[in-house]
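Here the structure is laid out as structure tokens; the discussion comes afterwards.
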Amino acid sequence: MSYPHLEIEQKWQKYWADNKTFFVSDDTSGERAYVLDMFPYPSAQGLHVGHPEGYTATDIYSRYLRMNGVNVLHPMGFDAFGLPAENYAIKVGKNPKEVTAQNIDNFRRQIKSLGFSYDWLREVDTSSPEYYKWTQWLFLKFYEKGLAYQKSAPVNWCPGCQTVLANEQVVAGECERCHSVVEQKQMKQWFFKITDYTEKLLQGLDGPPAGGLDWPTPILEMQKNWIGKSEGAEVDFKIVIPAEAGIQKQNDLSVKVFTTRLDTIFGATYLVLAPEHSLVASLLENHELRITNHEEVENYLIETKKKTELDRKIESKEKTGVKLEGITAINPASGEEIPVFVADYILMSYGTGAIMAVPAHDARDFEFAKKFNLPIKRVVEPKFVLTDGDAAFRTNEEIIKRNAVCAIVFNPKNNKYLCVSWRAFQMHGLVTGGVEEGEDIVEAAKREVYEETGYKNVKLTRDPQFALHTFFYHRVKKQNRWARFQYLFFELENEERDDITETENNLHEVLWLTKEELKKFFSVAEGEFTLNFLNDPYYIHTGDGLLHNSGEFDNLDSTEAKVKIAKKIGAEFKTQYRLRDWLISRQRYWGAPIPIIYCDECGTQPVPEITLPVVLPVDVDFRPTGESPLTRSKTFHDVKCPKCGAKARRESDTMDTFVDSSWYFLRYCDPQNSAKIFDEGKVAKWCPVNFYVGGAEHAVLHLLYARFFTKVLFDLGLVNFSEPFLKLRNQGLILGEDGQKMSKSRGNVVNPDEIVEKYGADTLRLYEMFMGPLEDVKPWQSKSISGVRRFLDRVFVLVSEDELITTSDVKLGEIKVWQAKTIKKVTSDIKNFHFNTAISALMEYVNFLYTVPVGEERKLAVKNLIILLAPFAPHLSAEVWESLGEKNMVWEQTWPSVDEMVLKNLTVVVAVQVNGKLRGTIEVSPEVGEDEVVTMAKKLSVIEKYLESGEIVKTIYVAGRLVNFVVK
RNA sequence: GGGCGAGUGGCGGAACUGGCAUACGCGCUAGCUUCAGGUGCUAGUGCCCGCAAGGGAUUGAGGGUUCAACUCCCUCCUCGCCCACCA
């Protein structure tokens, strides 16, 4: 039996449209909720099966809320401006406006065919003048506030197409169209000053426990990383020209560097400037100071300039750079004269565009130093404080400081390392020992090796200049110790060995172990460092620690040292952010024109508000030629200055489409308003958005920009909240049947229209929800769809009772239990967005109802089922509900509540385990106490068997769950 | 390179806060229905031993904590996503 889905679905979609069933009034009283989907970009390809995944989730939720008496704002619209429409229009030789209108019509048709309960009266289209008028209005507000400004910035320039490219259009450094090598070109661009809001944007990102946003943790993390706050200091390094260059020593030249590790400054052995750093250019120009290898430097600058960002990424493994010969810098902490380099691993856009390089404590600097053979000076040494056990450091006792050695003795004959295992304590490590007064450390190490292990001939192979500090209680000497262990590498020359003294022998055992064995052997925390050294002989420590080789700051903790060093050398603490201002200019046609006019007399003038919108002209040749297409429209371009009336020209760039989508959710509250961007009262009623669902690809850009806009609007007094989306959930990607991303070229794209045609909208909705958890990435499985469809058919049959279904068992008594259980499960699952398990609960309910004889009781249970199913499969539910002769519609029903009494008196099945293994079950009513349950459990024949062969050591009882006998 | 997440039957997945692993669905097997089946119904179905009753091993691998681990801790492997020279 297969129900006529096409007929039913069309019937109800028409009903909902004709009766404006889901249109929501602003004036209704009672509880409100705003449930929002990320509006789609109406592409020419039409709806993708990924779209309905999120839409179905919010639709189920919205319908559920309405059945609970909540007024729900659930709108839909189109993010219609953008490059793809423009490119597609160029390809098919039509105007983007025409193409977009077609695409929107197609999208709207497809979305409507799925029966979502949107309030279509509130639809917005960001490319309509009625909408972008207010996008432009917002630009003017930003401009007034100083939040929109112009500056010169590099853009991706394609010399072949003579146009600016978006980052996505640059593939491996080439233009995706004509494959010319993309260049960086400076152009004057408009920016939004999002950096004024960095700290405000950082607020709320700690998640709900910290009173922040209820968003997926990864998204919050990504936003935090994107903003990239790091606290550090700015330090001036003086530049000196050596006296022998025959020129006067200059004292006024200096370079400001930013560092988060001021504690490592004594290890700064060179300075690096970004290629774009102003000092590089001025040094090259200034013939007085002319650096001796200027040609080499100039060549390097030319080379780097050619590189696009992508090249830099690819080449990030191999560092390049060039030394500025003829000048040096002075390390303000150590007073040392250090060389200066130009290298493109330093970005002009971050910090000051210059760094002090500390190769001993930074991986990138280390790599560079190795390549250019620069000195590596270790100045921070790791610190360990033992806190557990007998050897725990005693904070209130006197501290005895000792110099010590740690000998890594390698036997090349068998690739093993010399170790000692202490007999009295659980301590396993390398040969270590104290350095006596006046003793050389190499001698000390050799002496310890001899004393502890008897080996006579070891030779020093390397001194890594590395040490670590351990704070512990010396159990043999009964002293509170601070030991500084210096690491030395030795090799065993031969196995000649004396017997060790009995005292030593009683203390520890001597072992030879492989690197693999060492991993398990080390008992001490420092073992980790030893292993690091064995894996990487040049191991550098990038963490905090105690200072060394740092003059008066030696032995200070990193944190303390930063403060003291800053004070001494006059460094200024500073916070840096990765976040940069938002470049909104696009040298493209299909976007909202920037409402600015340039006058030779009056300069940059905002378009007067009353003349908005600045309409996008239709009669434009929008094909890319090298300048913004709008400059070619005389009627658009040539304009009078709003201030002096003289001949002026319009800004011809358009805005980034992310500007349009940064405020659309506000417009839904008052979409028809032609006098204002929106009525503040209406927005206050509905906003902020309670639930927002969309793809994780918008984690940073859209969601960050929308938050930024909201905060600006808050400051402008237009909204009374500062976060737009209180709760956010991402839908996971739906992959093709082959487990790969759906794409036309792979031929694994599923067209929703075909599924709706063949199985119906309800089946598609239900299948997409049943596939798995909403947020998971999951592959499409055509075969599984039929299972969902079969379920709906079974519901249809159940209601129609056409096919009489009974079994021998009469299960009337169980109906109420099933009903209560199902209501409970489905309700909590919808609340938690666990739609897949809600559907499986409904399936179980239907399977159960099939075993119940036809009659009044069953009829009531079926009605209950239909109500629960209504948010998931609205068409079928509406149809069968009507067929039952009900007066009101199914979506008007009140969501059922759980009869807790029924569940309370249920008997429970208690698992009976022996030694944690399930051996049987007993069924008891909930009020039966522990003693009785245990007695019953013991009487089970399966259990008796086990109890006879042993003695019960312990009995674990978990009420309503299990009994576990621990038997010996 | 850094950050985040995930590994459970032939497949998609379920398991609340540490308490009966594999719900629900697909697929598969058998039977019935049907002129017929790429329909419907009924029963069975993770693996190994066993006719069965029953027993054993099992949630990527190895170890640990616990009466009890898919769940917590450590080490490793694999896959996915995001960021990527951010000083």
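Scan segment A:880-914 for residues that are within 16 Å of RNA strand B (Cβ to nearest atom), assigned to a helix (DSSP H, G or I) and loosely packed, with under 14 Cβ neighbours inside 10 Å and jot them down.
Hits for segment A:880-914 are A:GLU900, A:LYS904.
Please tell me if A:ILE943 is over 26 Å from A:TRP818 (Cβ atoms) and either more than 9 Å from RNA strand B (Cβ to nearest atom) or of a type in the set (Gly, Ala, Ser) (or both).
So A:ILE943 passes the test.
Just to be sure I understand the filter: pairs with C-beta atoms under 8 Å, separated by 6 or more residues or on different chains, first member in segment A:345-356 and closer than 13 Å to A:PHE237 by Cβ, second member within 7 Å of RNA strand B (Cβ to nearest atom) and aromatic (Phe, Trp, Tyr). Which pairs pass?
Short answer, once both residue conditions are applied: A:THR352/A:PHE258; A:ALA354/A:PHE258; A:ILE355/A:PHE258.
Between a residue in segment A:719-740 that is at positive phi and any residue that is within 16 Å of RNA strand B (Cβ to nearest atom), which pairs come within a Cβ distance under 7 Å, given they are 6 or more apart or on different chains?
A:GLY739/A:PRO779
Here is a yes/no grid of residues against (1) part of a loop (DSSP other than H, G, I, E, B); (2) within 24 Å of A:TRP582 (Cα to Cα); (3) at pLDDT below 95:
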residue	(1), (2), (3)
A:VAL683	no, no, no
A:PHE714	no, yes, no
A:GLN740	yes, no, yes
A:ARG746	yes, no, yes
A:ILE755	no, no, yes
A:LEU764	no, no, no
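Name the one entry in A:SER662, A:SER674 that is out of contact with any His (no Cβ under 6 Å at 6 or more places or on another chain), part of a loop (DSSP other than H, G, I, E, B) and crowded, with 22+ Cβ neighbours inside 10 Å.
A:SER662
Report yes if some residue within segment A:643-658 is within 18 Å of A:PRO75 (Cβ to Cβ), out of contact with any Leu (no Cβ under 6 Å at 6 or more places or on another chain) and assigned to a loop (DSSP other than H, G, I, E, B); otherwise report no.
There is no residue in segment A:643-658 that is within 18 Å of A:PRO75 (Cβ to Cβ), out of contact with any Leu (no Cβ under 6 Å at 6 or more places or on another chain) and assigned to a loop (DSSP other than H, G, I, E, B).
I need the helices (runs of 4 or more DSSP H) fully contained in segment A:505-624, keeping only those with at least 1 residues that are more than 30 Å from A:ASP362 (Cβ to Cβ) and without any contact (Cβ under 8 Å) to a residue 60 or more places away in the chain.
A:515-521
State whether one or more residues within segment A:3-22 are away from RNA strand B (no atom under 16 Å from the Cβ), outside any helix (DSSP H, G or I) and under 30 Å from A:ASN836 (Cβ atoms).
yes
Report, by residue number, each residue of segment A:739-793 that is more than 8 Å from RNA strand B (Cβ to nearest atom), polar (S, T, N, Q) and farther than 15 Å from A:VAL49 by Cβ.
Of everything in segment A:739-793, just one residue is more than 8 Å from RNA strand B (Cβ to nearest atom), polar (S, T, N, Q) and farther than 15 Å from A:VAL49 by Cβ, namely A:SER745.
Considering only segment A:957-968, how many residues are over 13 Å from A:LEU918 (Cα atoms), touching a residue at least 40 places away in the same chain (Cβ under 8 Å) and out of contact with any Phe, Trp or Tyr (no Cβ under 7 Å at 6 or more places or on another chain)?
Number satisfying all stated conditions: 1.
Which ones in segment A:832-873 are within 13 Å of RNA strand B (Cβ to nearest atom), over 43 Å from the mean Cα position of the chain (by Cα) and outside any helix (DSSP H, G or I)?
Hits for segment A:832-873 are A:TYR850, A:THR851, A:VAL852.
Among helices (runs of 4 or more DSSP H) lying entirely in segment A:60-166, which contain 1 or more residues that are more than 28 Å from A:PHE192 (Cα to Cα)?
A:83-92, A:96-112
Of the residues that make up segment A:513-536, is at least one within 29 Å of A:ALA369 (Cβ to Cβ), among the aromatic types (Phe, Trp, Tyr) and touching a helix residue (DSSP H, G or I) at 6+ places or on another chain (Cβ under 9 Å)?
Checking segment A:513-536: not a single residue is within 29 Å of A:ALA369 (Cβ to Cβ), among the aromatic types (Phe, Trp, Tyr) and touching a helix residue (DSSP H, G or I) at 6+ places or on another chain (Cβ under 9 Å).
Can you pull out every residue in segment A:716-738 that is of a type in the set (A, V, I, L, M), within 12 Å of RNA strand B (Cβ to nearest atom) and not in a strand (DSSP E or B)?
Scanning segment A:716-738 gives a single hit, A:LEU733.
Among the numbered criteria (1) among the aliphatic types (A, V, I, L, M); (2) part of a helix (DSSP H, G or I); (3) more than 14 Å from RNA strand B (Cβ to nearest atom), which single criterion is violated by A:MET222?
Failed condition: (3).
May I ask you to list the residues in segment A:746-766 that are surrounded by fewer than 19 Cβ atoms within 10 Å (Cβ to Cβ) and either among the basic types (Lys, Arg) or in contact with a strand residue (DSSP E or B) (Cβ under 7 Å, 6 or more places away or on another chain) (or both)?
Listed by number, the residues that qualify are A:ARG746, A:LYS758.
For segment A:950-968, how many residues meet the condition of being closer than 13 Å to A:ILE922 by Cα, hydrophobic (A, V, I, L, M, F, W, C) and either in contact with a strand residue (DSSP E or B) (Cβ under 6 Å, 6 or more places away or on another chain) or assigned to a strand (DSSP E or B) (or both)?
Total satisfying the criteria: 2.
Counting only residues that are in a helix (DSSP H, G or I) and surrounded by fewer than 16 Cβ atoms within 10 Å (Cβ to Cβ), how many does segment A:915-933 have?
3
If a residue counts only when it is within 15 Å of RNA strand B (Cβ to nearest atom), under 37 Å from the mean Cα position of the chain (by Cα) and among the aliphatic types (A, V, I, L, M), which strands (runs of 3 or more DSSP E) contained entirely in segment A:313-423 have at least 1 such residues?
In segment A:313-423, A:322-330, A:337-342, A:354-357 are the strands (runs of 3 or more DSSP E) which contain 1 or more residues that are within 15 Å of RNA strand B (Cβ to nearest atom), under 37 Å from the mean Cα position of the chain (by Cα) and among the aliphatic types (A, V, I, L, M).
Among the numbered conditions (1) more than 8 Å from RNA strand B (Cβ to nearest atom); (2) out of contact with any Asp or Glu (no Cβ under 8 Å at 6 or more places or on another chain); (3) part of a helix (DSSP H, G or I), tell me where A:LYS938 comes up short.
A:LYS938 satisfies all of (1) more than 8 Å from RNA strand B (Cβ to nearest atom); (2) out of contact with any Asp or Glu (no Cβ under 8 Å at 6 or more places or on another chain); (3) part of a helix (DSSP H, G or I) except (2).
The values are calculated or read from the model by the stated rules, or taken from the named source; none is laboratory data. Here the structure is a predicted model, which is why all the values come from computation and not from measurement. Quick reminder, even Gly has a Cβ in these numbers, built from the backbone with ideal geometry, and neighbours come from all protein chains shown.
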